[in-house]
2 protein chains.
Amino acid sequence: MTRLPAPSPRTRVRRLPDRAHYDADTVAAVVDAARVCTVAFNWNGSVHALPTAHWREGDHLCIHGARASRMLQALTEGECCVTVASIDGLVMARSAFHHSMNYRSAAIYGRFEAVEDAAHKEAALRAFIEALAPGRWAQLRPVSAKELNATTVLRLPLAEASVKIRNWGVKDDAEDMDWPVWAGVVPLATVAGAPQTDPDSVVREVPAAFG
Amino acid sequence: MTRLPAPSPRTRVRRLPDRAHYDADTVAAVVDAARVCTVAFNWNGSVHALPTAHWREGDHLCIHGARASRMLQALTEGECCVTVASIDGLVMARSAFHHSMNYRSAAIYGRFEAVEDAAHKEAALRAFIEALAPGRWAQLRPVSAKELNATTVLRLPLAEASVKIRNWGVKDDAEDMDWPVWAGVVPLATVAGAPQTDPDSVVREVPAAFG
């Protein structure tokens, strides 16, 4: 278990510190568990937040988008806060006050840097596709130089980061334990449904990764 | 269909405007479809993002937390951007470049205001619980004045808001249509699993809302 540097003033969890984690393995696991993050940043005089697909390349979180995107350009010019959250359950208590959710969330602070090198950029995009479906990259129509050039890949070190996890049952006040209402946890998960093959797909067999 | 005020410079969608919506009904539907939002704001010299449960009360998005939370206090003192996103599918194209996701996301700009009136605050929290399980509020141990006082409820007008939706199939380049790789959409959804009754729950029958 790799411990990140000591929590910074920004990442030290103040409220409910029993839910806090700071080790790199836990940060990586929470990042890997979700396909979409939210990037918060300042641009053009306002705070903005952008939900976007992410993937992990070692100790960096990567995102991508169109080179022409002014928001993406702005990300390399200032600090941001990226959050990744998976909601794992509804915690239904005997009092409204103790209702809660089970979740895993990460907050990462820092500044994105652009992946400029074309080979590195292609490798990063390959890692993105392979995370969706192992083996798929080699089956795709190869990426063109023009497409690579039109795509910005940004990466953020998973360094100044913290995780909060709640993964336990109902915690009610002792005097409420006999209250006559159902108490328990309703698990939530993101699941894949039956794949919808494109009508024009010449390959009709659904890949095992989606089966 | 209620149309919100014309898009502001902050909410007007510049990239992929065919995915943009600005009407109030669509904003409300996207807000209602997810249980957790991300609140981006500036505090203490940094940009922050906070994943947190939300619910809707008419034309406001509500969040809540501990009165002692300094972050929540900061939200009433400055502008924020709240995003809500549901990920509905992986769009697997014939080229890496045209891979995409189906999603519904909302961005709402503005400033939270605290719900100070105790009766209003209780009604807002009731709406939060009822959205999880209709009829549950009346079954719970009643909320105490101390609990109400310890809880901050904040609300944000769903006024300066925009939605982006992608809900269609694979779009590949014409010359790639015969490429021999499976193309299609893998639907994703958040689903509830089998409820886990608390070992000490005196009521053992799972409510219909979770059955």
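In region B:13-51, what residues are within 12 Å of chain A (Cβ to nearest Cβ), in a loop (DSSP other than H, G, I, E, B) and farther than 26 Å from A:Leu188 by Cβ?
B:Val13, B:Arg14, B:Arg15, B:Leu16, B:Asn44, B:Gly45
So which residues in region B:88-106 are farther than 23 Å from A:Ala133 by Cα and at the interface with another protein chain (Cβ under 7 Å from one of its Cβ atoms)?
Scanning region B:88-106 gives a single hit, B:Ser105.
Going by the structure shown, is A:Asn149 loosely packed, with under 14 Cβ neighbours inside 10 Å and within 21 Å of the chain's Cα centre (by Cα)?
Spelling it out, it is not the case that A:Asn149 is loosely packed, with under 14 Cβ neighbours inside 10 Å and within 21 Å of the chain's Cα centre (by Cα).
Any residue in region B:46-71 that is more than 20 Å from B:Leu132 (Cα to Cα) sitting within a Cβ distance under 6 Å of a residue that is among the polar types (S, T, N, Q) and surrounded by 21 or more Cβ atoms within 10 Å (Cβ to Cβ)? List the pairs, counting only those 6 or more apart or interchain.
B:Ala49/A:Thr38; B:Ala49/A:Thr83; B:Ala49/B:Thr38; B:Arg67/B:Thr152
Any idea which of A:Val186, A:Val203, A:Val170, A:Val181 is modelled with pLDDT of 95 or more and within 24 Å of the chain's Cα centre (by Cα)?
Criteria check complete, one pass: A:Val186.
For residues that are over 14 Å from A:Ile108 (Cα atoms) and in contact with a Lys or Arg (Cβ under 8 Å, 6 or more places away or on another chain), tally how many sit in region A:15-24.
So the count comes out to 2.
For region B:131-143, state whether one or more residues are touching a Lys or Arg at 6+ places or on another chain (Cβ under 6 Å), in a helix (DSSP H, G or I) and at pLDDT 95 or above.
yes
A quick yes/no check of all residues on (1) free of Cβ contacts under 8 Å to residues at least 24 places away in the same chain; (2) at negative phi; (3) crowded, with 18+ Cβ neighbours inside 10 Å:
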| residue | (1), (2), (3) |
| --- | --- |
| A:Thr11 | no, yes, yes |
| A:Leu16 | no, no, no |
| A:Ala20 | no, yes, no |
| A:Ala28 | no, yes, yes |
| A:Ala33 | no, yes, no |
| A:Ala40 | no, yes, yes |
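Those residues that are acidic (Asp, Glu) and touching a helix residue (DSSP H, G or I) at 6+ places or on another chain (Cβ under 9 Å), I need them from region B:12-40; list them, please.
B:Asp32
Please enumerate the residues belonging to region B:129-144 that are of a type in the set (D, E, K, R) and facing chain A (nearest Cβ under 7 Å).
The one that is of a type in the set (D, E, K, R) and facing chain A (nearest Cβ under 7 Å): B:Arg141.
Going by the structure shown, is B:Cys81 within 14 Å of the chain's Cα centre (by Cα) and within 7 Å of chain A (Cβ to nearest Cβ)?
Yes.
If you take the residues in region A:57-81 that are surrounded by fewer than 18 Cβ atoms within 10 Å (Cβ to Cβ) and hydrophobic (A, V, I, L, M, F, W, C), which one is modelled with the highest pLDDT?
Applying the filter and picking the extreme gives A:Ala66.
Might you check whether a residue that is surrounded by 20 or more Cβ atoms within 10 Å (Cβ to Cβ), of a type outside the set (Phe, Trp, Tyr) and part of a strand (DSSP E or B) occurs anywhere in region A:107-130?
Checked region A:107-130: at least one residue is surrounded by 20 or more Cβ atoms within 10 Å (Cβ to Cβ), of a type outside the set (Phe, Trp, Tyr) and part of a strand (DSSP E or B).
For residues in region A:1-56 being among the basic types (Lys, Arg) and within 19 Å of B:Val36 (Cα to Cα), which is modelled with the lowest pLDDT?
Result: A:Arg15.
The values are calculated or read from the model by the stated rules, or taken from the named source; none is laboratory data. Since the structure is predicted, the reported quantities are computational estimates derived from the model, not experimental observations. Backbone-built Cβ (ideal geometry, glycine too); neighbour counts: all protein chains shown.
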